[in-house]
Amino acid sequence: MLKTRLIPVLLLKNGLLVRSEGFHTHQVIGNPVHEAERFNEWNVDELVYLDISRDNQYDSRRDDTKVASLTDPLQILERVSQTCFMPLTWGGGIRTLDDMRQRFARGADKITINSQAVETPALISEAARQFGSQAIVVSVDAKKTATGDYEVMIHGGRVQTGLSVQDWVGIAESAGAGEIFLQSLDQDGMAEGYDVDLIRLVTSRVKIPVVACSGVGRFEDYAAGVEAGASAVAAANLWHFKELADRAGKRALAKAGISVRL
Amino acid sequence: MTQSNSAPSNLTRSTPLNSSKTSVGIVDYGRGNLTSVRNAIQAIGGNAQVIGDPANIDNISHLILPGVGAFGEAMERLHHSGWVSALHAHAMVRRRPLLGICLGMQLLMESGTEHGIHAGLGWIAGTVSKLTSTSDCRVPHIGWNDVELVTNSPLLVGLNTREDFYFVHSYAVRPTNESCVTGWCQQGERFAATLQQENLFATQFHPEKSQRAGLRLLENFLAC
């Protein structure tokens, strides 16, 4: 039986791991390579790295770890993939097929595209044709509107698109996306649980797997994402601030009657 | 991870290696995530090289045939780059171990039905066809699923009879003689997740992405 995946999301900003709130507040919490090793030891299902840097400065400093300073996100990817024997998804700032190729060559199994996919939807179909749909994840940042609908936001949640989330995920699926990675600007960093209405809206619109993210504050929050139709449940901040986050998350899912890889 | 020393290989090598050290070649024919496979082999202490030129495999003890993409196009690429005869020399003449992963497993069969009927390498009798999609079981089959390991193939030494592995595929092999199937997976239907026929080994899942169980399987392959 296919298991529900439980996924840690690592946010990378200028070469450092950060926690995020509302897509704007980012606090440094650690070294990206060191964390990947820890998750590998925990035997997690999958790993998602999102590079949310806005400028081109990378600096992993020699802060609290023994990992040498890495100045380039591609170098970080290369190092991470050497210690990571689980599916690895890499996203952030990917605008061209060549950007994708460089990330696959350094060990990414899947890439996520977001702003550029909205601006040029043909990029999805071209990427799916070259690398296979299974490797192309479309990441969607949703924001609730005053009327209760959901709008697609791009460029780190700063730019409105006027596109409704349900229309956009349908377009992305027909273009050849293999998976949707769904984030909520409203829930990001709030630790109040997923926006289950948003998840249900997307999972009922597409047949491809949907990875739910944003809002998990307690391990018990994961199950609601699965009940809303998500094939995988993800979180970022929680993984850094709770001990044994993998075991405890899996146990909470199993307790809710969901089949997981233990 | 369970350790076991009972690894009697039932393989017969007609061409013994010059060195006792294994040397792993990863077939590069322009398809597949070769970096992941190489990283995994290196992590278990193996000496792995990605090989683009089929002329360079004489000193290779163990070949890995990875692959992502469509069956017909992959076979075409193998033919054009001269890999078909090199693979044949390694696996069928020298009888050295070969591991097919994902599409690499499917290519060992006689024919595939992805976008038309295409001839495969034809070393294992049977075909490749699409998984049946049902409302509960979406295709592509992506994620961790458990495999029931049914024989004591040297590839599976030290693994539990049921292990989770990571799958990403839409097609599966249908061997004519099921006795070569060493592991079964259930996803809408029962399909072969691992195979062995003498020195030919294959997995539909990605051992290089299947954490400890996957790394153990790769270690076992290097010991074959």
- Message: So if I place +1 on the C-beta of Lys and Arg and -1 on the C-beta of Asp and Glu, and nothing else carries charge, what would the dipole magnitude of the protein assembly as shown be about its Cα centre? I want it in debye, nearest 20.
- Response: 980 debye
- Item | √(5λ) per eigenvalue of the Cα gyration tensor, the protein assembly as shown, largest first, Å | 38, 24, 22
- Task: Please compute the net charge surrounding B:Gln196, taking Lys and Arg as +1 and Asp and Glu as -1 over other residues with Cβ under 14 Å from its Cβ.
- Result: -1
- Task: Using only C-alpha atoms and all pairs of different ones, pull out the Kirkwood radius for chain A in Å with one decimal.
- Result: 18.2 Å
- Task: Report the local net charge at A:Thr96: Lys and Arg +1, Asp and Glu -1, summed over other residues whose C-beta lies under 13 Å from its C-beta.
- Result: -1
- Please figure out what share of the DSSP beta bridges in chain B is antiparallel and state it in percent, rounded to the nearest 5. 60 percent
- Task: Have a look at B:Ala43, B:Phe205, B:Leu156 and report the one farthest towards the positive end of the charge dipole of chain B, computed about the Cα centre with Cβ charges (Lys/Arg +1, Asp/Glu -1).
- Result: B:Ala43
- Task: Name the residue farthest towards the positive end of the dipole of segment B:85-156 from the options B:Ser85, B:Met109, B:Val147, assuming +1 on Cβ of Lys and Arg, -1 on Cβ of Asp and Glu, about the Cα centre.
- Result: B:Ser85
- Please report the Cα spread of segment A:94-227 along all three principal axes, rounded to whole Å, starting with the longest. 38, 32, 26
- Note on the structure: Asserting the computed 222 nm helical MRE of the protein assembly as shown (DSSP H runs at least 4 long, -39500 (n - 2.57) per run, divided by residue count, to nearest 500) equals -7500 deg cm²/dmol
- Note on the structure: Residues other than A:Lys144 with Cβ under 11 Å of its Cβ, Lys/Arg counted +1 and Asp/Glu -1, net out at -4
- Item | Mean projected area (nm²) of the alpha-carbon convex hull when chain B is viewed from all directions | 11.1 nm²
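What does the average come to when, for each residue of peptide B:136-147, you count the partner chain Cβ atoms lying within 10 Å of its Cβ?
If you average over the peptide's residues, the count of other-chain Cβ atoms is 5.
Dipole magnitude of segment B:65-224 about its Cα centre, charges +1 at Lys/Arg Cβ and -1 at Asp/Glu Cβ only, in debye to the nearest 20?
The dipole magnitude comes to about 280 debye.
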- Note on the structure: Between the residues A:Leu244, A:Ile180, A:Ser125, the Cα farthest towards the positive end of the dipole of segment A:121-262, that dipole coming from +1 and -1 charges on the beta-carbon of Lys, Arg, Asp and Glu, is from A:Leu244
- Assign unit charges at the C-beta atoms only (+1 for Lys and Arg, -1 for Asp and Glu), then state the dipole size of segment A:157-198 relative to its Cα centre in Debye, rounded to the nearest 20. 200 debye
- Query: What is the distance, in nm, between label points placed 7 Å from the Cα along the Cα-to-Cβ direction at B:Val150 and at A:Phe241?
  - Reply: 5.0 nm
- Message: If you restrict to DSSP beta bridges whose two residues both lie in segment A:60-194, what percentage is antiparallel, to the nearest 5?
- Response: 35 percent
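No lab work stands behind these numbers, since they all come straight from the coordinates. Bear in mind the structure is a predicted one, so any value in this text is a computation, not a measurement. Reconstructed Cβ throughout: ideal geometry from the backbone, glycine too, with neighbour counts over all protein chains shown.
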